[in-house]
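Everything on this sheet refers to the single structure shown next.
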Amino acid sequence: MRSLLKLAAYAGIFMLFATTNAHAQGGYDYSQITVCNRTAHTVYVAMQTPVSPYSAQGRVKGWWMIYPHECLPLGTYPAGQVDFFANSADWSRIWDGMHSPQSVQTCLRFPGAFDRVNHPNYVCARDEQLKSMASRQVAPGPYTLDLT
């Protein structure tokens, strides 16, 4: 009986760690986001995701460089509204929210990498520009955005 109780206790601890690890590794409320560049241009991508699965604040991050005809996993992020902005290296192609039914305005740093939390009253810094980002509702699990 005592060993059965120990076994049950260990099983409970294991399930707790397994559940916590599933959240951290992309289960439940997380999505594994990949961007595929289906063009002949090198592109740069910026993205805004929720800070956490139930947060209204956004985490804005860029720039990922994706070579022509390649896909790049950007990582595991909370599912929900995800906003994207991309441009070709020569600026001949832009993927933004200007012609999208859903879009948000967000400050993006040009040039240079950035990673920050987007607060409601955030004002663009001198090295940032206000850009329209295309919004997508991303469900938990794998998600691929194709740039064509």
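Each value in this text was obtained by applying a stated rule to the coordinates, not by laboratory testing. Model, not experiment: these values are computed from the prediction. Cβ coordinates were reconstructed from backbone atoms using ideal geometry, including for glycine residues, and neighbour counts include every protein chain displayed.
Once you order the gyration tensor axes a ≥ b ≥ c over the Cα atoms, which shape class does region 106-148 get: rounded for a/c under 1.5, otherwise prolate or oblate by comparing a/b with b/c? Prolate, since a/c reaches 1.5 and a/b exceeds b/c. When the inverse distances between all different Cα atoms of region 29-147 are averaged and flipped, the Kirkwood radius reads 14.3 angstrom. The modelled label-to-label distance between Asp146 and Gln105, using points 7 Å beyond Cα along the C-beta direction, is 3.3 nm.
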